[in-house]
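Sharing a structure, written as C-alpha cells. Questions coming.
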Amino acid sequence: MKTPRPLVPVPPVAGRTLDAQLHLLDRQVLDNDGVPVTTVDDLELSPPGSGPEIPEGTPAPVITALLTGPILGTRIFGGRPPSSRLIRIPWKDVADVGVVVRLGVSGQNLDADWVERWIRDKIIARIPGGSRDPR
Amino acid sequence: MILGDLLGTPVFDDDGVRLGRVADARFVVDGVPPQLMADARLLGLVVSPHSWSSFLGYERNSLTQPWPLPALLRWRHSGSFLVMWADIAMIGDGSVRLRRGYTAYSPALDGDGQE
C-alpha cells in the first residue's frame, strides 16, 4: 500500500465545509418547530455521470436528499436496505446543519415519521385518555 | 448514488496500487441558495490507508484531550489524505480509481470543524 507524501493544504473554499461522517450522518433532524423527526442514516447524491468512468470536467455530485429508514438490521448484519425502502428528505428542505440538522418545513408532512404518526393515531389515541393533549 | 455505498470502498491509483479506503466524503456548501440552504457539492473524499471508520474526527482536528485517545486515533489514521473530486477517475461498485498525478491534500479541519 502506497501513501502519497507530502500532503498539500487544501486551497480555501468559499462555502462551509461539511464532512459527511462528522457533520451529517447520525445527526438528529428537527423540523421547523424543533420537533424531532428522525436521524440522518445516509445521504443521496446526484449521479456523477452515466457510468463508472468520470470524464474530466464532470460537475461534482451534490447532496439531493437525507435518507432515513429501517436500517437497524443492516447496521448490525451489514449491507443496506434497498433504495426503495429508504425515506428521502430533500436537501432543499434543510435550513441549517449544526449539532442537529434543522429543517425549514413541518415534520407533519414528511414521510420520515409516518410510523410515529401511525402509532399515535391507531394505537395511542384508542387508549382511554390517549387522545388528550398532555401539555 | 448513495453515500453509504461509497464509504469503505477501496481506493486505487492509476497504476492499480491500493491507497486505502474511503473514510469520509467532504462537501462544501457554496451554491446559490434556492430557498433555505445552498447545494452541498462533493469537494472530495478522505482516504485512510488503515481504517475507514472514523471516530469523532480526531485525526482531522487539533484536539489533544482526553489523553490518550487523540494520539491513538491519529496514529490509527496516519497517512490519511483528501483527494479532490477532479482527481477521481472512476467510481465503481467495489472500487474508486484516482487519476494519474492526483494531488493528496491534508484532510485537516480547523478548530471550528472547517478547513
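Here, each number is a calculation from the coordinates, and none is a lab measurement. Just so you know, these numbers come straight off a predicted model, no measurement behind them. Counting neighbours? That spans all protein chains shown, and the Cβs are built from the backbone with ideal geometry, glycine included.
What is the mean projected area of the alpha carbon convex hull for segment B:8-61, to one decimal in square nanometres?
5.2 nm²
While we're on this one: Would you mind calculating the relative contact order of chain B from Cα pairs under 8 angstrom and at least 6 residues apart, reporting the percent as a whole number?
After rounding, I find 26 percent.
A further question follows. Per the Kirkwood definition applied to all pairs of different Cα atoms, how many angstroms is the hydrodynamic radius of chain B?
Hydrodynamic radius (Kirkwood, Cα only) of chain B equals 15.0 Å.
Within 10 Å of each Cβ in peptide A:90-100, how many partner chain Cβ atoms are there on average? Round it to a whole number, please.
If you average over the peptide's residues, the count of other-chain Cβ atoms is 3.
Still on this structure, please answer the following. At 222 nm, what helix-only mean residue ellipticity would chain B give, in deg cm²/dmol to the nearest 500, using -39500 (n - 2.57) for each DSSP H run of four or more?
Theoretical 222 nm ellipticity from helices: -2500 deg cm²/dmol.
Another one. Return the distance in nm (one decimal) between the two label points of a simple spin-label model at residue A:56 and residue A:124, each offset 7 Å from Cα along Cα→Cβ.
According to this spin-label approximation, the distance is 5.8 nm.
Placing one identical point scatterer on every Cα of segment A:51-133 and ignoring solvent, what is log10 I(q)/I(0) from the Debye formula at q = 0.11, 0.16, 0.25 Å⁻¹?
-0.51, -0.91, -1.16
Same structure, new question: Taking the Cα centre of each part, how many Å lie between segment A:102-131 and segment B:39-111?
Between the Cα centre of segment A:102-131 and that of segment B:39-111, the gap is 40 Å.
Under the classification rounded if a/c is under 1.5, otherwise prolate if a/b is larger than b/c and oblate if not, where does segment A:6-52 fall, given a ≥ b ≥ c as square roots of the Cα gyration tensor eigenvalues?
oblate
Place a label point 7 angstrom from the Cα of residue B:63 along the Cα-to-Cβ direction, then list the residues of segment A:34-68 whose backbone nitrogen is under 20 Å away.
So the set is A:40.
Still on this structure: Need the full-extension length gain, residue A:75 to residue A:117, defined as separation in residues times 0.36 nm minus the C-alpha distance. One decimal, nm.
Once the chain is fully extended between residue A:75 and residue A:117, it gains 12.7 nm.
Stretch residue B:18-residue B:2 to full length: gain in nm at 0.36 nm per residue minus the Cα-Cα span?
Computed gain between residue B:18 and residue B:2 is 3.5 nm.
Here is a follow-up. Compute the Cα gyration tensor for segment A:1-103, then decide on rounded, prolate or oblate, letting a ≥ b ≥ c be the square roots of its eigenvalues: rounded whenever a/c is under 1.5, prolate when a/b is larger than b/c in the other cases, and oblate in all that remain.
prolate
Let me ask you something else. Just subtract the alpha-carbon distance of residue B:36 and residue B:106 from 0.36 nm times their residue separation and send over the number in nm, one decimal.
Difference between extended and current length: 22.1 nm.
Jot down the per residue volume, in cubic angstrom and as a whole number, of the convex hull over the alpha-carbon atoms of the protein assembly as shown.
161 Å³
In deg cm²/dmol, rounded to 500, what helix-only [θ] at 222 nm does chain A give when every DSSP H run of at least 4 residues adds -39500 (n - 2.57) and the total is split over its residues?
Calculated mean residue ellipticity at 222 nm is -3000 deg cm²/dmol.
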